[in-house]
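Below is one structure, written out as structure tokens; the observations come after it.
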Amino acid sequence: MTRWWASRWFIVPTLMLLVTLGWLVYVGRHDNGLIEGRIVDAAGQPVAGATVRIFDRGFVTYQERGRTRSDADGRFRITDNTSHSVQLEAETPALGRSKRMEVRLWFAAQDVRLTDPLRLPAKP
Amino acid sequence: MGTQNVSWWGQQRNRQLALIVCFLLPSLVIFFLYRILPLGWNVILSFQSWSPLRPAEWIGFEHYVEMWEYDDVFWIALKNTLIFIAASPLAIAAALGVALLVNSDLKGASIYRTIVFLSYPLMAIAVGIIWRWMYDERGGIINYALRSAGLIDKPIGFLQDFDWALPSVIFAEVWQILGFYMIILLTGLQSIPQNLYEAARIDGAPAWARFFRITIPMLRPSLFLCVVVGILNSFSSFDLVYIMTNGGPGHATELLITHIYKAGFVQTKFDYAAALTVVQFALLVALTFVANKAAGGNAGAVERD
Amino acid sequence: MASRSKHATLLGLRHLTLMVIAFFMLVPFYWVIKTAITNENIYAYPPSLLPQNPHLFNFVDVWYLIPFPRYLLNSIIVSTIAVVGNVVFNAMAGYALTRQFAGRNLVLALFLSCMLIPFQATIIPAYLITAKLSLLNTYFGLALPMLSTIVCIFVFKAAFEAVPRSLIDAARLDGLSEWRIILRVLMPLSKPAIATNVILTFIWSWNNFLWPLLITRDPLMQTLPLGLARFLSYLEDTTGALYAFAVMVLAPSILVFLMAQKEFIRGLTSGATKG
């Protein structure tokens, strides 16, 4: 039984096992359900106190799951996301409602910092 | 060896016999439970009227009469199954062509072989979904290619059209089984002794004569196996038909096996479905017998000196 | 030389034909992968030949929105039971067939005749038998009909018969019992037969659709082919989620096949060489 470790029957399953373990470790450290983003108005200025709603993806529709508000810098933080695919929407009574932004993650509750801001349609 | 004073178990011969029986037992039990017993039970059930709620009653040939006289779907399914079987010689011929092309020390021959054979180990359900999508009127590539080439102006609903449905399903099935035929024929080709060809070439026989006089006769066992597999495939293509058309549109792709499934497990007429199964099995045996005769008996085995 | 250039053109023609054939065999794979990773409305006409805005998120959707992990687990469990049972039972039966005993020909004839009975001809009684054994909707019931296959028995028989008698006799002289002989002498020398058995059983049990369709009652006990069929209508929206599902379902089969090609082909063709 020489060089049994060099056969494809060993190398391929071991590689797959290692990749799976590595992935599980990565997921375990980054699945806190954190979504960070910011809200700007049509002029690009940050908007404080806007309501941000998060929708979880169901089979065919998206269900609202919660809301939060943006702070003084126009940033918001959601900490209890459990889904792998959500939509975000920001709104203020004065400036209107932004378009729904789709956020698709690699695994459920992945921590993500959004690069694009949620844009409200009007200027103050 | 004196055996007078040794018990039955003490005799080594009997111990070995017991061991052999033990070894054979699990397999025999499986085959008895799931091959032999079902065959017999099917026959008995086909002569009875039975449902899970009522005890069995002997009714003789009533189910067969019902099948013959009243069941139009049975005749359609039978016709479709026979068409399915009739398509296999074409597929085998195509596979023979591919096998001949690949049968050499051509560079990359093994890659071509793998590519052609890749479709065979796949799940028939997935193959059905893939082909369903390929045949789609809007997103499918077949309609797109035909329209781009200017051969048709409007998309053809391959799986919804009464005339196109069965050929489409057959085409998908051939795509999957081609690799299998190719492998069998390739193995057969590689077992033909080369000196036969040498002798024929020395005698001045042209290529087509070498093909028809040497290759084809020596391939008889492989060809016979391919034909039998083709017949079996028309009986076992349940998965593909179920997922692509479920027998539709309007029984155009209904095979005997889908009719059996629907009769037995959708309408829960187990006894009638058993009768259908008996007819299907009898047809299978008859066709195999005919193929055997056509191959010259003995499963086409070739006499070697 | 005229014949050399003619030979070269023939070779070129051969390659060309083979490439065309290979292209047609691969188009379905490409089309389904392209649909699975594309980010556009897949029903728009004309369909684009290359994936637009490719993304892999359809695969993530499939993993979470449908019980894909559950189906995968079920398939793995059933296939494992089938493979283990097969190797053990077929090796035992194959060994028994290498010995001479009264009724050997009868048993051989029985096995060969069982080869002629396709599974589809047995579904109704097989279902009733499994129901009587109270094995409906269980992993064992799913694996039971596949726990022994004739082709594999003959593969083992041929492999055992190829072991030189001198080795077996020497082992017997050393006083080894029959079990020990099988485990220590015959099996290690029959590794190709074991591999063939494993791969054939795995592929057959993994792809099996009709039997799980009849046997499972509980959606959570379904295997991958069944799950795929069940979600066909649910997932028919404008995204490629259904086709991502198909790709995920096919990936293990393709991987296992590519790893074990030789053994798989050898197992299939051993039936052709008159076992």
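Each reported figure results from applying straightforward, stated rules to the coordinates on display, with no laboratory input. This one's a predicted model, so the numbers in the text were calculated from it and none came from an experiment. Counting neighbours? That spans all protein chains shown, and the Cβs are built from the backbone with ideal geometry, glycine included.
Summarised in one figure, the compactness ratio Rg/Rh of the protein assembly as shown, Cα atoms and Kirkwood Rh, is 1.03.
A Förster distance of 56 Å, applied to the separation of the beta-carbon atoms of C:LEU135 and C:ALA8, puts the FRET efficiency at 0.35.
The listed peptides B:279-286, C:32-39, ordered by packing as a protection proxy, come out as C:32-39, B:279-286 (highest mean of other Cβ atoms within 10 Å first). Please give the helix C:191-207 orientation as an angle from the longest Cα principal axis of chain C, in degrees from 0 to 90, rounded to the nearest 10. Approximately 50 degrees, to the nearest 10. Put simply, the convex hull of the Cα atoms in segment B:149-262 casts, on average, a shadow of 10.4 nm². Dividing the summed helix terms, -39500 (n - 2.57) for each DSSP H run of n ≥ 4, by the number of residues in chain A produces a 222 nm estimate of -6500 deg cm²/dmol to the nearest 500.
For segment C:1-151, what does the alpha-carbon gyration tensor say about shape, rounded, prolate or oblate, given a ≥ b ≥ c as the root eigenvalues, a/c under 1.5 as rounded, and a/b over b/c as prolate? It is oblate, given that a/c is not under 1.5 and a/b is not larger than b/c.
Here the average projected area of the convex hull drawn through the C-alpha atoms of chain A stands at 10.3 nm². Diffusion of chain C by Stokes-Einstein, at 20 °C in a medium of 1.002 mPa s and with Rh set to the Kirkwood radius over alpha-carbon pairs, works out to 96 µm²/s.
Ordering C:LEU49, C:LEU13, C:TRP204 by the projection of their Cα atoms onto the charge dipole of chain C, which places +1 on the Cβ of Lys and Arg and -1 on the Cβ of Asp and Glu, puts C:LEU13 at the extreme positive end. Inter-chain Cβ neighbour count for C:251-263, averaged per residue, equals 3 (cutoff 10 Å, partner chain atoms only). Which whole-angstrom value gives the distance between the alpha carbon centres of segment A:21-47 and segment C:171-224? So the separation of the two Cα centres works out to 48 Å. Computed from Cα positions, the angle between helix C:104-115 and the longest principal axis of chain C comes to roughly 10 degrees.
Shape verdict for segment B:63-300, please, from the Cα gyration tensor: rounded (a/c under 1.5), prolate (a/b greater than b/c) or oblate.
oblate
Note that segment B:81-97 has calculated 3J(HN,Hα) couplings of 4, 5, 4, 4, 5, 5, 7, 5, x, 4, 5, 5, 4, 4, 5, 4, x Hz, one per residue in order, obtained from phi through the Karplus relation 6.51 cos²θ - 1.76 cosθ + 1.60 (θ = phi - 60°); glycine and proline are x. When DSSP assigns beta bridges and you keep just the ones with both residues in the protein assembly as shown, what percent turn out antiparallel, to the nearest 5? Around 85 percent antiparallel, to the nearest 5.
Converting phi to 3J(HN,Hα) with the Karplus coefficients 6.51, -1.76 and 1.60 and the offset θ = phi - 60°, segment B:221-237 yields x, 5, 5, 4, 4, 4, 5, 4, 4, x, 5, 4, 5, 5, 8, 10, 7 Hz in sequence order, with x at every glycine or proline.
Only four residue types carry charge here, +1 at the Cβ of Lys and Arg and -1 at the Cβ of Asp and Glu. Report the dipole size of the protein assembly as shown about the Cα centre in Debye, rounded to the nearest 20.
1900 debye
Helix A:8-30 and the longest principal axis of the Cα set of chain A meet at an angle near 30°. As a length-normalised measure over Cα pairs under 8 Å and 6 or more apart, the relative contact order of segment A:32-119 settles at 38 percent.
Which percent, nearest 5, of DSSP beta bridges in chain A are antiparallel?
About 85 percent, rounded to the nearest 5.
A simple rule links phi to the HN-Hα coupling: the Karplus curve 6.51 cos²θ - 1.76 cosθ + 1.60 with θ = phi - 60°, which for segment A:31-48 gives 10, 8, x, 9, 10, 10, x, 9, 10, 10, 8, 5, 8, x, 8, x, 10, 8 Hz, with x for Gly and Pro.
Based on the Cβ-Cβ distance of A:VAL12 and A:LYS123, what FRET efficiency does E = 1/(1 + (r/R0)^6) give at R0 = 60 Å, to the nearest 0.05? It comes out at approximately 0.55. Distant-in-sequence amide contacts of A:ARG65, defined by a placed amide H-H separation under 5 Å and a gap of 5 or more residues or a different chain, comprise A:ILE54, A:PHE55, A:ASP56. Here the simple spin-label model places points 7 Å from the Cα toward Cβ, and for A:THR79 and B:ASN195 these points are separated by 8.7 nm. Simple spin-label estimate for A:GLU36 and C:TYR64 gives 2.0 nm between the two label positions (7 Å along the Cα-to-Cβ direction from each Cα). Look at the alpha carbon pairs under 8 Å that are at least 6 residues apart: their mean separation over the length of chain B gives a relative contact order of 26 percent. Summary of the geometry: segment A:59-124 and segment B:134-195, compared by the centres of their Cα atoms, lie 47 Å apart.
Relative contact order for segment B:1-152: 6 percent, from Cα pairs under 8 Å spaced at least 6 residues apart, divided by residue count.
Taking only the alpha carbons of segment C:139-256, we obtain Rg and Dmax values of 20.9, 71 Å in that order.
Within segment C:128-226, list the trypsin sites (Lys or Arg not before Pro) lying in a DSSP loop whose Cβ has at most 16 other Cβ atoms in a 10 Å radius. Answer in residue order: C:ARG217.
Treating r as the C-beta distance of C:LEU16 and C:ALA109 and R0 as 45 Å, the FRET efficiency rounds to 0.35.
Charged neighbours of B:HIS251, selected by a Cβ distance under 15 Å, balance to -3 (K, R count +1; D, E count -1). Between B:LYS154 and B:VAL29, the contour length at 0.36 nm per residue exceeds the Cα-Cα span by 39.3 nm.
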